[in-house]
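Below is one structure; the comments refer to it alone.
The values are calculated or read from the model by the stated rules, or taken from the named source; none is laboratory data. Quick caveat: nothing in here was measured; it's all calculated off a predicted structure. Cβ: placed from backbone, ideal geometry, glycine included. Neighbour counts: every protein chain shown.
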Amino acid sequence: MVRSDLIDRIAEENPGLSQSEVEKIVEAFFSAIVAQLNAGGRVELRGFGAFSVRSYDARAGRNPRTGETVAVEAKNRPFFKPGKQMLARLNGGD
């Protein structure tokens, strides 16, 4: 599912909202998550999961094609941990 599919599905389930209104809501939702993660915070959606940021230190890597050692910069990456209810649903237990 891509963003447009999500917008279409929400619009179908909420006939009182226009497509553009749903699009604004979805964009605001994603922007709020990104802003919280940028601020170093965590976003927890009960029953769904939690988004957080993991930091990775700089390290020496290797170019697989040439075997040459290259420097890999430190970086932050988003991390998602599914909630218990989501795991139960995915594994057949509603």
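A few points about this structure:
- Those residues of the range 1-46 which are basic (Lys, Arg) and either at positive phi or within 16 Å of the chain's Cα centre (by Cα) (or both), in sequence order: Arg3, Arg42, Arg46
- Enumerated strands (runs of 3 or more DSSP E) restricted to the range 47-94, each holding at least 1 residues that are under 18 Å from Ile33 (Cα atoms) and either at pLDDT 95 or above or assigned by TED's automatic domain parsing to the domain that holds Phe30 (or both): 49-56, 75-82
Residues checked against (1) part of a loop (DSSP other than H, G, I, E, B); (2) without any contact (Cβ under 8 Å) to a residue 12 or more places away in the chain; (3) in contact with a Leu (Cβ under 7 Å, 6 or more places away or on another chain):
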{"residue": "Asp8", "(1), (2), (3)": "no, yes, no"}
{"residue": "Glu12", "(1), (2), (3)": "no, yes, no"}
{"residue": "Leu17", "(1), (2), (3)": "yes, yes, no"}
{"residue": "Val22", "(1), (2), (3)": "no, no, no"}
{"residue": "Phe29", "(1), (2), (3)": "no, yes, no"}
{"residue": "Leu37", "(1), (2), (3)": "no, no, no"}
{"residue": "Gly41", "(1), (2), (3)": "yes, yes, no"}
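- Residue within the range 12-22 that is hydrophobic (A, V, I, L, M, F, W, C), outside the structural domain of Leu90 (by TED's automatic domain parsing) and closer than 26 Å to Leu87 by Cα present: no
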